Amino acid sequence: MNNTLLELRNISYKYKNNLILNDINLKINPGEKIALLGKSGSGKTTLISVLNGTIKPTHGEVKLFNKSFDELNRNQKRRITTIWQDLRLIEDLSAEQNVNCGLLAENNFYFAFKNLLNTSSFKKAHKYMQLCRLHNSIYDKKISKLSGGQKQRVAIARSLIQESNILLADEPFNNLDPKLITTIKNLLLENVDKNNQKKSSKTTLVALHRLDLLNDFDKVIGIKDGRISFNIKRTNLKKLHLDKIY
Amino acid sequence: MNKLKLNYTSLSFLPILVCIPLGYQFITNIHFGGLKLFQEFLISAFNPKIDNEIIITVINRLNETILIGFFSWLVSIIFGTIFGILSSNIFYKIFNIPNFFYYIIRFFLTIIRSIHEVLWGILLMQIYGINFSIGIIAICIPYIAINSKVFAEQLETIDYKSIESINQINAPKFSSLLTLIWNPIINTFKNFGLYRLECSIRSTVILGIFGIGGIGTSIYLSLQTLNFREFWTYLWSLAILIILSGLIFKKIKFNNTNKILSIFFTAVFLITILFSFSYCLYFLFNKNFENFNSVSSLFKSSSDLGLFDFLKLILETIILSLLSTGIAISVPPLLIGIFNDNTSKIFIKIFAFLLRLIPTPVILLTLLTFNNPSLSIAALTLGLHNAGITSKLLFTNLDSQDKRNYIAMRSLGISKKTSWLLGLFSQQAKSYLSYCAYRSDIIIRETAIVGVIGSVGLGWQLQESLSSFAWQEVTIVLIAYSSIAIVGELINGKIKNSLT
């Protein structure tokens, strides 16, 4: 039986005559913690956008749970969440309203309306905001009033609250101090649930630049000029691998 | 020889050149027969008629005006929001609907918007007769389209990445749409909604002049009977209403997270939609067409309008728009620049308020007491009325501007006028011109009002064609009006884009 959770087959993506991704083949298994390395502009963000279905590849096939994206129902699509490099928060809404947006998929229209009127429950949102070390004084502040690090953690909390099986994160440690980086890394890789219990079933792919953060990952994928340069176990990572991509 | 270099500041003053041909035609058309009347008109401003009878009339007429204005505002702001959402690209992106529908709706709204409410009013009055609800419908039709444009423009400023992000959460489509548009809609309503209520009341007054009822009708009747003291009673009471409403609007603060208020607004929203639909159905199926037997007659009835005459009318309308825009742009900075001491500023502000307050047909009729009907008098009327509006904006911006440059220039011994021009106005010129570009859209639409009364351009032709039930001519004139307004809007859109 095929155990693969996410699969890319011969993926290429062209944008304005530039080949951003070139013949990518990749299999991601349940529970894997993958670090995605590569220089800026190497195609990491595009690869994440292909993986979460935001952009359709020019060529090739993306399979999630052995189905193409178009065949997935809303519940299946909900099982994948993304922390974007540019955060993509809704500037007009408060921090807690933004985090609650992560719950829109599992709730009805009335919940969305109550969220906007500030009458919905923010209990779950506050729980995840606390996990991300966000102080309660910023809960009701508009995104535009927050610092870069606070915004970064709101975006992370919004993704975590979805409790999805697959987490894709594009440079999630930007704007964070070293202590927070450790906290957030633990959250992303260990999937701490509501009761602070560790779960292991979560699949995580994180695009990052800092090599000192690689130690908790199972696999490392190196990408250069839109091609996968290596896809190896972290324990096998050597300097020569890094020389290939940097 | 040095080349003439145009900048935003000089471009704000240059249109004053339109005053040369205008002034010439104005002076040559003066007749002294009505000067005494004009003098009496001015004196009456300080001696309005005040007795029990007129006070009761004023209250009744103002009530009618407020009711028509309020209901047309309510319906147009609610449907404007709905059509604003339907004509913004965010709706199509979230629901994955082909862009074809987006362009269809936008085109349809542009046409509706291009025809002034007075034209809708005259047209509907000819078809259905004079009726209280005609006023509301006539205002609502273009206002829904105008409001929808404003809401759509605001919704299109939503970052595309936010749409992508919320789509990726895979929330139900309506939840995603509501989450993204809620605050932009509320903010637009806060900034723009109450201003539109003031516009609605002004439009009700103008439609009143054309017979819809309310204070406008009383103003017009008192002017026709040369009862100037009564005229000024109505006008001053209208001024008090507008000043009071302005003060109240300033005090109103919306709290979009207040639960009770939100439930109230939602209820008003739903009831208005329900009522509007029911009323539309009633109106369509229970009203007798008084002068309009079938829509097909629009195309069957003959037209005596020659091509040359028609083109001449179109040209007149375009010239009228250009001349009026020239006055509206250049007169406010010129007056404020020349007379920039505090006392003069107060007088300019009062004068500008009066120009805004007095409906254009009334300004025109007053000027016609000592001048023959001509294109220049119509352009002067429209230009001065709009100068009253542009000067309000200019004063507001100048008053709130950082004055350090001005103070620095004055400390160097530079004259007051030059310091004002280079230290204050030059920093406002770009945004001022951008607003004037938007204003010229409105001026093009308003040529219809002065056209009808001042015997100029297509407005006059429309009045003639409607009076003789020449429906084909009416259609042609409306298409021409619409085309001019759409082309004007496209050109102004380009100008606005280049200025922002």
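The values are calculated or read from the model by the stated rules, or taken from the named source; none is laboratory data. Just so it is clear, the structure is predicted and the values come from calculations on it, not from any experiment. Virtual Cβ from ideal backbone geometry, glycine too; neighbours counted across all protein chains shown.
List of remarks:
- Any hit, segment B:143-165, residues being without any contact (Cβ under 8 Å) to a residue 24 or more places away in the chain, within 9 Å of another protein chain (Cβ to nearest Cβ), out of contact with any Asp or Glu (no Cβ under 7 Å at 6 or more places or on another chain) and buried (at least 22 other Cβ atoms within 10 Å of the Cβ): yes
- Residue count for segment B:361-387 satisfying the condition of being hydroxyl-bearing (Ser, Thr, Tyr) and surrounded by fewer than 23 Cβ atoms within 10 Å (Cβ to Cβ): 3.
- Every residue from segment B:466-480 that is of a type in the set (S, T, N, Q) and part of a loop (DSSP other than H, G, I, E, B): B:468
- Only listed residue being of a type outside the set (Phe, Trp, Tyr), modelled with pLDDT of 90 or more and at negative phi, chosen from B:403, B:392: B:392
- Failed item, numbered, when residue A:104 is tested on (1) within 14 Å of chain B (Cβ to nearest Cβ); (2) in contact (Cβ under 8 Å) with a residue 12 or more places away in the chain: (2)
- Restricting segment A:64-84 to residues that are in a strand (DSSP E or B) and surrounded by 18 or more Cβ atoms within 10 Å (Cβ to Cβ), the residue that is farthest from the other protein chains (Cβ to nearest Cβ) is A:64.
- Scanning segment A:92-101 for residues that are facing chain B (nearest Cβ under 9 Å) and either assigned to a loop (DSSP other than H, G, I, E, B) or under 19 Å from residue A:183 (Cβ atoms) (or both) turns up A:92, A:93.
- Number of positions in segment B:403-432 that are surrounded by fewer than 18 Cβ atoms within 10 Å (Cβ to Cβ) and either in a helix (DSSP H, G or I) or in contact (Cβ under 8 Å) with a residue 12 or more places away in the chain (or both): 14
- Candidates B:186, B:243, B:212 - the one that is in the same structural domain as residue B:76 (by TED's automatic domain parsing) and crowded, with 23+ Cβ neighbours inside 10 Å: B:212
- Residue among B:54, B:97 that is hydrophobic (A, V, I, L, M, F, W, C) and either crowded, with 18+ Cβ neighbours inside 10 Å or touching a Gly at 6+ places or on another chain (Cβ under 7 Å) (or both): B:54
- Criterion applied to A:87, A:37 was being within 26 Å of residue B:158 (Cα to Cα), aliphatic (A, V, I, L, M) and either surrounded by 14 or more Cβ atoms within 10 Å (Cβ to Cβ) or more than 14 Å from every other protein chain (Cβ to nearest Cβ) (or both), and the one residue passing it is A:87.
- Taken over segment A:14-60, residues that are touching a residue at least 60 places away in the same chain (Cβ under 8 Å) and in a strand (DSSP E or B) amount to 14.
- Every residue from segment B:336-347 that is assigned to a helix (DSSP H, G or I) and surrounded by fewer than 19 Cβ atoms within 10 Å (Cβ to Cβ): B:337, B:338, B:342, B:343, B:344, B:345, B:346, B:347
Each row is one residue, and each column tells you yes or no for (1) closer than 27 Å to residue B:110 by Cβ; (2) in contact with a His (Cβ under 6 Å, 6 or more places away or on another chain).
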position	(1), (2)
B:360	yes, yes
B:368	no, no
B:402	no, no
B:418	no, no
B:436	yes, no
B:442	yes, no
B:447	yes, no
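- Within segment A:107-122, the residues that satisfy the criterion of being farther than 13 Å from residue A:157 by Cβ and either touching a Cys at 6+ places or on another chain (Cβ under 9 Å) or away from chain B (no Cβ under 12 Å) (or both) are A:112, A:115, A:121.
- Screening the candidates A:127, A:185, A:151 for the property of being in a helix (DSSP H, G or I), away from chain B (no Cβ under 14 Å), surrounded by 17 or more Cβ atoms within 10 Å (Cβ to Cβ) and in contact (Cβ under 8 Å) with a residue 40 or more places away in the chain yields one hit, A:127.
- Filter pass, residue B:393 being in a helix (DSSP H, G or I) and more than 17 Å from residue B:336 (Cα to Cα): no
- A residue that is of a type outside the set (Lys, Arg), closer than 23 Å to residue B:479 by Cα and over 15 Å from the mean Cα position of the chain (by Cα) can be found somewhere in segment B:438-452.
- Summed over segment A:17-56, the residues that are closer than 14 Å to residue A:203 by Cα and of a type outside the set (A, V, I, L, M) give a count of 7.
- Screening B:78, B:16, B:85 for residues that are under 23 Å from the mean Cα position of the chain (by Cα), within 30 Å of residue B:170 (Cβ to Cβ) and in contact (Cβ under 8 Å) with a residue 24 or more places away in the chain leaves exactly one candidate, B:85.
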